[in-house]
1. At 222 nm, what helix-only mean residue ellipticity would the chain give, in deg cm²/dmol to the nearest 500, using -39500 (n - 2.57) for each DSSP H run of four or more?
2. Whole number in Å², please: accessible area per residue of region 1-50, 1.4 Å probe, ligands, DNA and RNA not counted.
3. For region 95-159, what size does the Cα cloud have along each of its three principal axes, sorted from largest down, in whole Å?
4. Can you quote the Å³ per residue value for the convex hull of the Cα atoms in the chain, rounded to an integer?
5. Keeping all protein chains in place, calculate the accessible area per residue for region 66-128 (probe 1.4 angstrom), answer in Å².
6. Compute the Cα gyration tensor for region 35-100, then decide on rounded, prolate or oblate, letting a ≥ b ≥ c be the square roots of its eigenvalues: rounded whenever a/c is under 1.5, prolate when a/b is larger than b/c in the other cases, and oblate in all that remain.
7. If the cut-off is 24 Å between C-alpha atoms, which lysines fall inside it for Lys79, apart from same-chain ones fewer than 8 positions away?
8. State the percentage of accessible surface on the chain attributable to carbon and sulfur atoms; use a 1.4 Å probe and exclude ligands, DNA and RNA.
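The values are calculated or read from the model by the stated rules, or taken from the named source; none is laboratory data. The structure presented is a predicted model; accordingly, all values stated were derived computationally and were not measured. When we count neighbours, we look across all protein chains shown, and the Cβ atoms used for this are built from the backbone with ideal geometry, even at glycine. Calculation scope for accessible area: heavy atoms of the full protein, side chains included, ligands and nucleic acids excluded. Shrake-Rupley method; radii C 1.70, N 1.55, O 1.52, S 1.80 Å.
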Amino acid sequence: MISVWLFMGPPGSGKGTQAKRLKELGGFEHLSTGDVLRDEIQTQSELGITIKSIVDRGELVPDGIMIDLIQKYLSNYPKEGTRILLDGFPRTLSQGRALLERASQGLFKIEGVIWFQVSEQVLIKRAANRRICQRCAAIYNLESKPPRTEGICDLCGGILIQRGDDNPAVVAKRIGTYNSQTAPLLSFLRSYVRVLEVNGEQSEEMIFAALLKALKNE
Ligand code: AMP
């Protein structure tokens, strides 16, 4: 059976950075809905163009599209023993309900939720300093984790860019969307699965160590 950990928290809380590190260590797959959507945008398909305008405004892609997309991706993994870090889904109550329903049908097991807690002030600063690799999606922070060569990815030599939705006005909108649509999932999910809250303002190393401990105790 596939097992899934949900990585949740506000934009810029470190979910993607930590999930990518855990994947590098081995034993986990990383499925980021943001990365999936950005890949779709790059293809310039009709769906990609629609998605781009939504993402650029800091709004959420409609639940129907997201639920179908996640179902498609999850069904592509080998069924036995795959451990997935699902980063950025669910983001609304109806996405949460759909995920629990699929799990209750035996399609996968939800191991639990890791919820990254970070204050708005820190989120805004992180977004301003965040750069991502256009080629491999590695994540940098100009202050706390700069690349060795300015503007170039340490891992693949790709060009580092600022995400279009990391500009201050869109970040404010994304935080508002998180507060109104995603934060209510915390108490909802707690009724069904265990939720581990992580202080996402600690250093990347400290968070990584805490996650390793939590996920190793499985
Ligand atoms: P992220 O990389 O997780 O910050 O996601 C970037 C953007 O993709 C979000 O601001 C949303 O516009 C969109 N997005 C990602 N995941 C979802 C989701 N589960 N539901 C709706 N929109 C999403």
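1. Numbers: 9 runs with 96 residues, N = 218.
It comes out at -13000 deg cm²/dmol, rounded to the nearest 500.
2. Working: 2090 Å² over 50 residues.
Spelled out: the 1.4 Å probe surface of region 1-50, per residue, equals 42 Å².
3. Between the extreme Cα coordinates on each principal axis of region 95-159 lie 48, 31, 17 Å.
4. Numbers: hull volume 26.2 nm³, N = 218.
Spelled out: Cα convex hull of the chain, divided by residues, is 120 Å³.
5. Details: 3050 Å² over 63 residues.
Value returned for region 66-128: 48 Å² of accessible area per residue.
6. On the way: a/c = 2.29, a/b = 1.45, b/c = 1.58.
Judged from the Cα gyration tensor, region 35-100 comes out oblate (a/c at least 1.5, b/c at or above a/b).
7. Excluding near neighbours in sequence, the set is Lys20, Lys23, Lys109, Lys216.
8. Working: 5890 of 11060 Å².
It is 53 percent, rounded to a whole number.
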